[in-house]
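What follows is one structure encoded as structure tokens, with my remarks underneath.
The values are calculated or read from the model by the stated rules, or taken from the named source; none is laboratory data. Predicted model, so just to flag it, every value in this text is computed and none were measured. Neighbour counts run over all protein chains shown; Cβ positions are idealised from the backbone, glycine included.
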Amino acid sequence: MELRTRSENAVLLRASWGSNLLVVGILDFSVWVEIQSDSSIKSLTFKGNRHVADGRWHRVNISMADWKRKTSPWVIAVDGITDATSKQERTGSLSFLNKKGAMLAVGDSFIGCLGAVRLGGIYLPFADDHKAPQPSQFHLVGKPKIHLGCSSAPVCDSGPCLNGGRCEDLFNKFGCVCDTGWEGEQCETDTDECVSQPCVYGSCKDYLAAFECRCDPGYAGTLCDEDIDECVLHPCEHGGTCQDGLNMYTCVCPKDYSGPNCQWDYPPLQCNTDVQCANDGVCRDGLWGANCTCMPGFTGTRYNDLS
Ligand SMILES: [Ca+2]
Ligand SMILES: [Ca+2]
């Protein structure tokens, strides 16, 4: 038989005559078979492994491995590939299907589409045709309503995809193709663009379909991967050589100068020896040399260089 479904569990076909029984169904997404015939004491059940309830068309074939032997195992093949083999049991062939009055129910509890269904080589009629040439025939009983064609539920009609996502009908199941910046089954989640940790030296702020890096001190660039050259902003004075560091710089001064920017004389000037403050300013010796603190009313750095 050919089938297309997303049903996890279903009964596809059920044939019976007296105590003889053949059931083909889907159990946990895979093909499941039960055979009970007069010649067997207990029924034979076995199950395949292939996931057939995936919304795609599949061709399922159930047959005896060797129909000439009475104890032959049964085989489930899906799309031409052996999926499962039963234990060896004396089920005999399913000759009861040839009996007049054998009943066959198809798609009793099944949501999906069935293509051609054949039993022992005989097609089931989806439209009753009493003029079929072969002597063995199945006939429709009653007036079953058969929907021709294969259509699925209108899964996209409710607009399940959010935030501009595009809905795809995947046969009784929808899929969403999300707009940039969104993810999730229904595009309900704002993608975290920071998850890949794009900011090399800095913290990341997530936006819609974008991110922003806030850089650690000393770093710049969209991804905070550029070491700022602090020497550009802080040139060394008096011909000092600037060496860039992390969020800092160092001036290598000529021998007569010192200080962070080589702005001071070296050796440091000393109060009274080298410096005397004008206008009664108070002189103090500092790390980089003498400093004048001015009296009220005076300002400036002017001092008398005594050297
Ligand atoms: Ca985002
Ligand atoms: Ca730097």
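The condition of being part of a loop (DSSP other than H, G, I, E, B), in contact with a Cys (Cβ under 6 Å, 6 or more places away or on another chain), without any contact (Cβ under 8 Å) to a residue 40 or more places away in the chain and of a type outside the set (V, I, T) does not hold for C176. Annotation: of all residues in the range 148-194 being within 18 Å of S7 (Cβ to Cβ) and small (G, A, S), the one that is modelled with the highest pLDDT is A153. Counting only strands (runs of 3 or more DSSP E) that fall entirely inside the range 1-98 and contain at least 2 residues that are more than 16 Å from F110 (Cα to Cα), the qualifying elements are 10-17, 20-27, 30-36, 44-47, 57-64, 74-78, 81-85. The residue that is nearest to T180 (Cα to Cα), counting only those in the range 210-268 that are within 16 Å of ligand 1 (Cβ to nearest atom) and surrounded by 17 or more Cβ atoms within 10 Å (Cβ to Cβ), is F211. Among the residues making up the range 108-136, those that are in a loop (DSSP other than H, G, I, E, B), loosely packed, with under 15 Cβ neighbours inside 10 Å and touching a strand residue (DSSP E or B) at 6+ places or on another chain (Cβ under 8 Å) are I111, G115, A116, Q134, S136.
Across the range 165-202, the qualifying residues are those that are surrounded by 14 or more Cβ atoms within 10 Å (Cβ to Cβ), within 16 Å of ligand 1 (Cβ to nearest atom) and among the small types (G, A, S), and the one among them that is nearest to C150 (Cα to Cα) is G165. For the range 209-222, give me each residue that is in a strand (DSSP E or B), touching a residue at least 12 places away in the same chain (Cβ under 8 Å) and within 11 Å of ligand 2 (Cβ to nearest atom). Result: Y219, single match.
When A105 is tested against (1) small (G, A, S); (2) assigned to a strand (DSSP E or B); (3) surrounded by 17 or more Cβ atoms within 10 Å (Cβ to Cβ), just one condition goes unmet, and that condition is (3).
Filtering the range 117-146 to residues that are under 48 Å from the mean Cα position of the chain (by Cα) and among the small types (G, A, S) leaves G120, G121, A127. With respect to S72, determine if the residue is surrounded by 14 or more Cβ atoms within 10 Å (Cβ to Cβ) and modelled with pLDDT under 90. Judged against the criteria, S72 is a match.
I need the full set of residues from the range 250-269 which are of a type in the set (A, V, I, L, M) and within 58 Å of the chain's Cα centre (by Cα), in order please. The answer is V252, and nothing else. For the range 228-307, the strands (runs of 3 or more DSSP E) that sit wholly inside it and include 2 or more residues that are within 30 Å of C215 (Cα to Cα) and either of a type outside the set (S, T, Y) or modelled with pLDDT under 90 (or both) are 241-245, 248-252.
Here G259 meets each of (1) closer than 30 Å to D285 by Cβ; (2) of a type outside the set (S, T, Y); (3) within 15 Å of ligand 2 (Cβ to nearest atom) with one exception, condition (3). The listed residues are D265, D225, D206, D274, and the only one of them that is within 16 Å of ligand 2 (Cβ to nearest atom) and of a type in the set (D, E, K, R) turns out to be D225.
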